[in-house]
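Here you go, one structure.
Values quoted throughout were computed directly from the atomic coordinates according to the rules given, and no laboratory measurement underlies them. What you see is a predicted model; the values in this text were computed from it and never measured. Don't worry about glycine lacking a Cβ; one is built from the backbone with ideal geometry, like all the others, and counts go over all protein chains shown.
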Amino acid sequence: MVIENKDRNWGMVIDTDKCTGCNGCVIACQVENNVPLNDQNKFERGRVMSWMRVERYWEGEFPEVKARFIPIPCQHCANAPCEPVCPVYATYHNNEGMNIQVYNRCVGTRYCANGCPYIVRFFNYWEPIWPEEMRNHLNPDVTVRSRGIMEKCSFCIQRIRRGARKAKEENRELEDGEITTACQDACSTQAITFGDLNDPESKVSKLSKDDRSYTLMPHLNTDPNVIYLASIKENKEEFQEEKANSHD
Amino acid sequence: MKVIVPIIGLGGLSTIAILAILFAGLINAWLGQPLPVLGFEQTFDQPINFPHTKHAGPVTEGGLGMDCTYCHRTVENSSSAHVPAVELCASCHRAIGSENSEELKKLRESAGIYSENNQVIVDPKKASPINWKRVHRLPDHVRFVHSAHINYLTNNPGAIKNIPEHLNIYGKENVLSSEVCSTCHGDVANMEQVHQVEPLKMGQCVNCHRENGGPTDCAACHH
């Protein structure tokens, strides 16, 4: 009956083979989560805020070179390096497998950002300012973070809450695929899948057992909830060789 | 200073200074509490002195006994209980109410209603919203959802607090949405000017959540 108490493990599967690097997820995230706008000043200082970023790398030698993209949100690690370093317990793991950032507890020590190997935590160095015509575009379900606190991808927790609440009001269990994140909705090639990894029937848990699946920086043993599917190589042996090497 | 210092000594002076700082801190913390905690009623002078007593008050006491959800329409299925648009007020008050009432004149003005040649004309171009002052305000980092709480309380009337005298909901299994509001808002139907009754601080939220098995995860409200 009480849906919040059910132990879930929200996870995301990102198919890098489908990713075209269009940056749609970045914009969707920025709009959904009231992430402040970045200007040149922020780029120059290396203080860009974007909960989701798309990294580009080249594959192959010129002239047979291919651009590959990998979108990186907060990995929501099960063994998160950011959590034990927080002196005020502002970031912790809840029973839904999410790494939570409690904005009103945060005092801005930035230890968590130093500990994060994926560089997905962002510190508000300035009070966020939007152009006057964009003031009414802010999402009322998400707190506007003020200066001096840390923020990061929340797996669109406001959408999870909304979905869970709706299911509870209608006296039913949440269905797989009912809750979508903003980046998932915006993805033109449907490279992003979101769901409950604890549910063996869900789409994400099936995809996460795919041959192509891997996690970022597995040697750190962070056990992320964001699972990537490798881009498809023309010959399969090359991929298996690479995958075997990455575990060494 | 030459006289005082030898008498009470430097130790005494520093003690007084420390006590003064502590006292200032105490006063600051005291005033930082919301006024209802201290037993004062903080009322606001609204742009139109809307009488909840006349609209929502019990029929036996001269009110109309209107349901709260008639005006605060989105409260059952949305996170916020919206203040109604002027048009909703005007839907009744273009006909009902004294012509000479000062408050109704203000309402008709902001709804764009005027009479010409014994005809009532509604001109939406002349309408303008009323700048109501907000009475119940939660901090910006809290996400309170009315619909979830109303959904729970209507099915679990045991958790309702501050039940007004004129309501008879004891022993019922299901109650109306408008009968649960008093838990946080008090008996608004009998308030001349709406004021905050409960402190609406996090301690109160968490206590109620613990008593009724609500989620106590930080991310349930703070996100």
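When A:T91, B:T154 are ordered from fewest to most other Cβ atoms inside 10 Å of their Cβ, what list results?
Ranked by crowding around the Cβ, least crowded first: B:T154, A:T91.
Separate question: For chain B, what does the helix formula give at 222 nm: sum of -39500 (n - 2.57) over DSSP H segments with n ≥ 4, over the residue count, nearest 500 deg cm²/dmol?
Theoretical 222 nm ellipticity from helices: -11000 deg cm²/dmol.
OK, next. A:S213's amide H: which non-local residues (gap 5+, or another chain) put their own amide H closer than 5 Å, with H modeled 1.01 Å from N in plane and none for Pro or chain starts?
Residues meeting the amide H criterion: A:A230.
Per 0.36 nm of contour for each residue apart, how much would the distance between B:T60 and B:V142 grow if the chain were fully extended, relative to their Cα-Cα spacing?
The span from B:T60 to B:V142 would gain 25.7 nm if fully extended.
When the Kirkwood hydrodynamic radius is evaluated over all pairs of different C-alpha atoms of chain B, what value in angstrom, to one decimal, is obtained?
21.3
What longest region of chain A stays clear of chymotrypsin sites (Phe, Trp or Tyr not before Pro) that DSSP places outside H, G, I, E and B and that have at most 15 other Cβ atoms within 10 Å?
A:127-248
Calculate how steeply helix B:146-155 sits against the longest principal axis of the alpha-carbon atoms of chain B, using the helix alpha-carbon long axis, and give the answer as 0 to 90 degrees to the nearest 10.
Roughly 80 degrees between the two axes.
Could you work out the longest stretch of chain A that avoids the GluC sites (Glu not before Pro) located in DSSP loops with at most 16 other Cβ atoms within 10 Å?
A:65-169
Separate question: Report the GluC sites (Glu not before Pro) located in the range B:168-223 that are in a DSSP loop and have at most 15 other Cβ atoms inside 10 Å of their Cβ, or state none.
The qualifying sites are B:E173, B:E192.
Rank the residues B:L22, B:L13, A:L174 as a footprinting-exposure proxy: fewest other Cβ atoms within 10 Å of their Cβ go first.
B:L22, B:L13, A:L174
Further question: Work the Kirkwood hydrodynamic radius out for the range A:125-185: mean of 1/r over every pair of different alpha-carbon atoms, inverted, in Å.
14.0
Would you kindly derive the ³J(HN,Hα) couplings of the range B:10-23 from the backbone phi angles with the Karplus curve 6.51 cos²θ - 1.76 cosθ + 1.60 (θ = phi - 60°), listing them in order in whole Hz, with x for Gly and Pro?
In residue order, the calculated couplings are 5, x, x, 4, 5, 4, 4, 4, 5, 4, 5, 5, 4, 5 Hz.
Which of the lysines could a cross-linker span from B:K54 if the Cα-Cα distance has to be under 24 Å and same-chain partners fewer than 8 positions apart are dropped?
B:K105, B:K106, B:K133, B:K161
Near A:V54, within a Cβ-to-Cβ distance under 15 Å, what is the net charge of the other residues, with Lys and Arg +1 and Asp and Glu -1?
With Lys, Arg at +1 and Asp, Glu at -1, the neighbours total +1.
Mind checking the dipole of chain A: about its Cα centre, +1 per Lys or Arg Cβ, -1 per Asp or Glu Cβ, Debye to the nearest 20?
920
Give the residue list of GluC sites (Glu not before Pro) in the range B:64-145 that are DSSP loop and have at most 10 other beta-carbon atoms within 10 angstrom.
Hits after loop and neighbour filter: B:E99.
Also, I was wondering about something else. In units of 2.2 N^0.38 Å, what is the alpha-carbon radius of gyration of chain A?
Rounded to two decimals, the normalised Rg is 1.04.
Pairs A:K166/B:K172; A:K18/A:K168; A:K66/A:K206: which exceed 27 Å Cα-Cα?
Going by Cα-Cα distance, A:K18/A:K168; A:K66/A:K206 fall outside the 27 Å limit.
Among B:G11, B:G57, B:G25, whose mean-square fluctuation peaks in a Gaussian network model of chain B (Cα, cutoff 10 Å)?
B:G11
If you don't mind, another one. Please report the net charge: other residues with Cβ closer than 12 Å to the Cβ of A:D39, K and R +1, D and E -1.
Local net charge: +2.
Sorted from fewest to most neighbouring beta carbons within 10 Å, what does the list A:K42, A:K209 look like?
A:K209, A:K42
Against the longest alpha carbon principal axis of chain B, how many degrees, from 0 to 90 and to the nearest 10, is the axis of helix B:202-212 turned?
Long axis of B:202-212 versus the principal axis of chain B: about 70 degrees.
Nearest 10 degrees is fine. How inclined is helix B:102-111 to the longest principal axis of chain B, computing both from alpha carbons?
Roughly 70 degrees between the two axes.
Whole percent per 10 Å bin, from 0 to the bin with the longest distance: what is P(r) over all C-alpha pairs of the protein assembly as shown?
Calculated over all Cα pairs of the protein assembly as shown, the distribution is 3, 15, 22, 21, 17, 12, 7, 3, 1, 0 percent.
What FRET efficiency do you get for A:K243 and A:R56 if R0 is 30 Å and r is their Cβ-Cβ distance, rounded to the nearest 0.05?
Efficiency, rounded to the nearest 0.05: 0.90.
Could you work out, residue by residue across B:140-148, how many beta carbons of other chains sit within 10 Å of that residue's beta carbon, and then give the average as an integer?
Average neighbour count from other chains, rounded to a whole number: 4.
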